[in-house]
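Okay, so here's the structure we're looking at.
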Amino acid sequence: MTEQEIKRGARGPQKRRPKLKDEKRAALRADMAKSYVDDELTIRGVAELYNVSYGHARQLLLDEGVTLRSKRGTRPAAAKKVWKP
């Protein structure tokens with residue numbers, strides 16, 4: 001064993017998911033877009049629901065043409081006013 005393996009522990013082989021083909025990928029994109037837009041889930045919620053990573057979920061939503069919401073949502077009108085001393 002190398003010193004690095006001793007520090008980290010022995011690793012098993014990495015498991016990879018098979019790549020999705022065109023029809024399945026298109027269906028997944030449509031389902032994810034529906035969940036994001038209609039059900040108002042977050043990207044993390046969509047990723048968890050469909051068992052994919054955050055980055056993959058985001059990319060699939062963008063590929064489907066979904067306009068992503070801002071991270072902070074909409075701010076109330078009172079918060080948008082500039083404070084002046």
Check: Which one of these does V52 not meet: (1) within 14 Å of R69 (Cα to Cα); (2) in a loop (DSSP other than H, G, I, E, B); (3) within 10 Å of the chain's Cα centre (by Cα); (4) of a type in the set (A, V, I, L, M, F, W, C)?
Finding: (1)
Notebook entry, point to check: Name the pairs: first residue in region 1-27 and over 30 Å from D63 (Cβ atoms) and modelled with pLDDT under 65, second residue open to solvent by 100 Å² or more (accessible area, probe 1.4 Å) and hydrophobic (A, V, I, L, M, F, W, C), Cβ to Cβ under 9 Å, at least 6 apart or on different chains?
Noted result: A10/M1
Item checked: Any chance D39 is at pLDDT 90 or above, open to solvent by less than 100 Å² (accessible area, probe 1.4 Å), in a helix (DSSP H, G or I) and of a type in the set (D, E) -> no
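The values are calculated or read from the model by the stated rules, or taken from the named source; none is laboratory data. It should be emphasised that the depicted structure is a prediction, and the values quoted were computed from it without experimental measurement. Cβ sites come from the backbone with ideal geometry, for glycine too, and all protein chains shown count toward neighbours. Accessible surface is based on the protein model in full, side chains and every heavy atom, while ligands, DNA and RNA are left aside. Shrake-Rupley method; radii C 1.70, N 1.55, O 1.52, S 1.80 Å.
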